[in-house]
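Shown next, in structure tokens, is the structure this report addresses.
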Amino acid sequence: MDISGEHRIAAPLEAVWQALFDVETLKACIPGCKELEQTSPTSFAAKVQLKVGPVSATFAGTVELQDIAAPNGCRIVGQGNGGIAGFAKGGADVRLIADGDETVLSYDAKAEIGGKLAALGSRLVQATSRKLADQFFSAFTERLKS
């Protein structure tokens, strides 16, 4: 499953870059985030409660920032396990481009799912994934307005 998008953020590039590594910002913006702990300068452990169609589960997982090219972008790699609901894993390439006093954030993500989630059908899972990504970036953009 592939998802991509672009968001214009009314904040300078450096502020957006720093927010990508800020635990409180991320916790506030990740839909369904119950816990988020920074385990190293570039990795996090999380618990996220999600509902995809009729399946509701709490996923425990990890997120790692790789291929860091500060402040222009990085690769975000994550995986989560929701027990009987299944698992999700994937990665996203995030790019930041300064545009005056604003920053354009674009991403290309790929994800794999298994278990009950996979049985729901790719259309529902793709739509939910796109919705979750939009919720995250909308909250992130709102939080960073200067």
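The values are calculated or read from the model by the stated rules, or taken from the named source; none is laboratory data. These figures come from a predicted structure and were not determined experimentally. Virtual Cβ from ideal backbone geometry, glycine too; neighbours counted across all protein chains shown. With ligands, DNA and RNA removed, areas are computed over all heavy atoms of the protein, side chains included. Shrake-Rupley method; radii C 1.70, N 1.55, O 1.52, S 1.80 Å.
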### Query
Mind checking which pairs have a first residue in segment 129-143 that is more than 13 Å from residue 107 (Cβ to Cβ) and a second that is in a helix (DSSP H, G or I) and among the small types (Gly, Ala, Ser), Cβ under 8 Å, 6 or more apart or different chains?
139/28; 143/19; 143/28
### Task
Please work out which residue is most open to solvent (accessible area, probe 1.4 Å), limiting yourself to segment 1-17 and to residues that are of a type outside the set (Val, Ile, Thr) and closer than 18 Å to residue 77 by Cα.
2
## Note on the structure
The correct count of residues that are at pLDDT 90 or above, open to solvent by less than 30 Å² (accessible area, probe 1.4 Å) and either touching a His at 6+ places or on another chain (Cβ under 6 Å) or assigned to a helix (DSSP H, G or I) (or both) in segment 101-135 is 1
### Query
In segment 46-64, is there at least one residue being assigned to a helix (DSSP H, G or I) and either open to solvent by 40 Å² or more (accessible area, probe 1.4 Å) or not β-branched (Val, Ile, Thr) (or both)?
no
#### Entry: Residues of segment 79-94 classified as part of a helix (DSSP H, G or I), open to solvent by 20 Å² or more (accessible area, probe 1.4 Å) and in contact with a strand residue (DSSP E or B) (Cβ under 7 Å, 6 or more places away or on another chain), total
1
### Task
Filter segment 24-45 down to the residues that are in contact with a Lys or Arg (Cβ under 6 Å, 6 or more places away or on another chain) and among the hydrophobic types (A, V, I, L, M, F, W, C), then identify the one that is surrounded by the most Cβ atoms within 10 Å (Cβ to Cβ).
36
## Note on the structure
Of those in segment 66-78 that are assigned to a strand (DSSP E or B) and modelled with pLDDT of 95 or more, the residue farthest from the chain's Cα centre (by Cα) is 69
### Summary
residue 21 meets each of (1) without any contact (Cβ under 8 Å) to a residue 40 or more places away in the chain; (2) open to solvent by 20 Å² or more (accessible area, probe 1.4 Å); (3) aromatic (Phe, Trp, Tyr) with one exception, condition (1)
